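Scroll down for the structure; my scribbles are underneath it.
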Amino acid sequence: MSSKATTLSQLQQIRLRLKRQGKKVVLTYGTFDTFHLGIVDYLQKAKAQGDVLVVLVSSDKAIRSHLPQRRRISALQALTCVDHIALFDDMIPTKEIELLRPDVYCDTMDWGHACKERNIVKRYGGTMKVLPVTPDPFLASLIHETFNTDPEATPAIFLDRDETINKNKAGFITRPEDFHFLPGALDALKKVVSEKYKIVIITNQAGIDRGIFTHQDLKRVHQKMVRELKKAGVTLDGIYYCPHHPKNLCLCRKPGIGLLLKAANDLRINLAESWFVGDKHLDSLTGHYAGMRAIKLGPKVHGTQPDFYARDLKEAITIILTQKQR
Ligand SMILES: [Mg+2]
């Protein structure tokens, strides 16, 4: 065992010592069962928030990891930016944050008012920093060489699903009877039919990993979606979903571009000539990470810099069809 790997009770002692020394302690956590340069970059940015970086790793008990905790810890130990590593037995280390009270707590996302960690950190006077994980930059240049130089590849319109083509204010859609298109969405997609663009859905469905619904439930919801699209004369070229829990830090959950790459490979898509349309900041980021243009539906959000804003899908499609190729 390297000296970086420790237990929670030892970490408490280390924390007290560092406090006495006036050192600023930063804490973050994850499953780390996928590992790429984007994660290394995230950990380096976390370390830059203070003097000492403590990384908590979800145990094999807490996740269903493909990579044993011993391997995940040894990968983290190799990083110079990581100072201490400990396992914890949950998906979110709320108890551990209370116990260690880091000066800065870093996360890859912010759940807003519902973010338990933010509330804990705020209570004891610490700071929470949101540092999104970016895709692997090496992979991004490889993608360009692989997909955007193929003269036979065609562009696509990648669409987020919930609140982009269908209504979903409540959370997860687990039954076909709860799937309803947004007004005007079908008409908007009809306009794409005679155009050069493929239509591909890219959706995060973490409810599967959370145990809220199954792959089979999602399949039934998508069968209804495809049926209704077909009735309107629209054929989807692909539906790709990420079933993982956000804490997996997988490459396929938006803003990761794993699903875009899979679609580009399966359907021979030129990513640089494609578009991403979605209602969230994260949808715009996903499109930009893969080198395509992005349209955000709905109101402007601080920090979002899509190429265009649109009221709804209809307006977004009009924008795409009237823009020149790059
Ligand atoms: Mg959405």
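The values are calculated or read from the model by the stated rules, or taken from the named source; none is laboratory data. Owing to the predicted nature of the structure, the values given are computational and were not obtained by experimental measurement. Neighbour counts are summed over all protein chains in view; Cβ atoms, including those assigned to glycine, are modelled from backbone coordinates with ideal geometry. To get the accessible areas, we keep the full protein, side chains included, count just its heavy atoms, and leave off ligands, DNA and RNA. Shrake-Rupley method; radii C 1.70, N 1.55, O 1.52, S 1.80 Å.
Condition check ((1) part of a strand (DSSP E or B); (2) among the basic types (Lys, Arg); (3) closer than 28 Å to THR318 by Cβ) across all residues:
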{"site": "GLY171", "(1), (2), (3)": "no, no, no"}
{"site": "GLU195", "(1), (2), (3)": "no, no, yes"}
{"site": "VAL200", "(1), (2), (3)": "yes, no, yes"}
{"site": "PHE213", "(1), (2), (3)": "no, no, no"}
{"site": "HIS222", "(1), (2), (3)": "no, no, yes"}
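The residue list LEU43, LEU16 contains one member that is crowded, with 21+ Cβ neighbours inside 10 Å and either out of contact with any strand residue (DSSP E or B) (no Cβ under 6 Å at 6 or more places or on another chain) or under 23 Å from GLY256 (Cβ atoms) (or both), which is LEU43. Residues of the stretch 23-74 that are of a type in the set (Asp, Glu) and in a loop (DSSP other than H, G, I, E, B): ASP33, ASP51, ASP60. The condition of being farther than 22 Å from VAL121 by Cβ and either hydrophobic (A, V, I, L, M, F, W, C) or open to solvent by less than 10 Å² (accessible area, probe 1.4 Å) (or both) holds for only one of SER74, SER59, that being SER59. The set of residues from the stretch 99-117 being open to solvent by 60 Å² or more (accessible area, probe 1.4 Å), assigned to a loop (DSSP other than H, G, I, E, B) and at pLDDT below 95 comprises ASP110, TRP111.
Set side by side, the residues PHE179, PHE172 differ, and just one is among the aromatic types (Phe, Trp, Tyr), modelled with pLDDT of 95 or more and closer than 20 Å to MET225 by Cβ, which is PHE179.
Beta carbons closer than 6 Å, at least 6 apart along the sequence or on distinct chains, pair a first residue in the stretch 118-130 that is closer than 9 Å to TYR105 by Cα and open to solvent by less than 80 Å² (accessible area, probe 1.4 Å) with a second that is in a helix (DSSP H, G or I) and of a type in the set (Val, Ile, Thr) for MET128/VAL121.
Scanning the stretch 229-251 for residues being within 16 Å of the ligand (Cβ to nearest atom) and in contact with a strand residue (DSSP E or B) (Cβ under 6 Å, 6 or more places away or on another chain) gives a total of 4. Taking the criterion of being more than 15 Å from the ligand (Cβ to nearest atom), open to solvent by less than 60 Å² (accessible area, probe 1.4 Å) and over 29 Å from ASP217 (Cα atoms), would at least one residue in the stretch 175-189 satisfy it? Within the stretch 175-189, not a single residue is more than 15 Å from the ligand (Cβ to nearest atom), open to solvent by less than 60 Å² (accessible area, probe 1.4 Å) and over 29 Å from ASP217 (Cα atoms). Here is a list: LEU261, LEU285, LEU218. Which entry is surrounded by 21 or more Cβ atoms within 10 Å (Cβ to Cβ), within 16 Å of the ligand (Cβ to nearest atom) and either assigned to a helix (DSSP H, G or I) or of a type in the set (Asp, Glu) (or both)? Sole residue among the options that is surrounded by 21 or more Cβ atoms within 10 Å (Cβ to Cβ), within 16 Å of the ligand (Cβ to nearest atom) and either assigned to a helix (DSSP H, G or I) or of a type in the set (Asp, Glu) (or both): LEU285.
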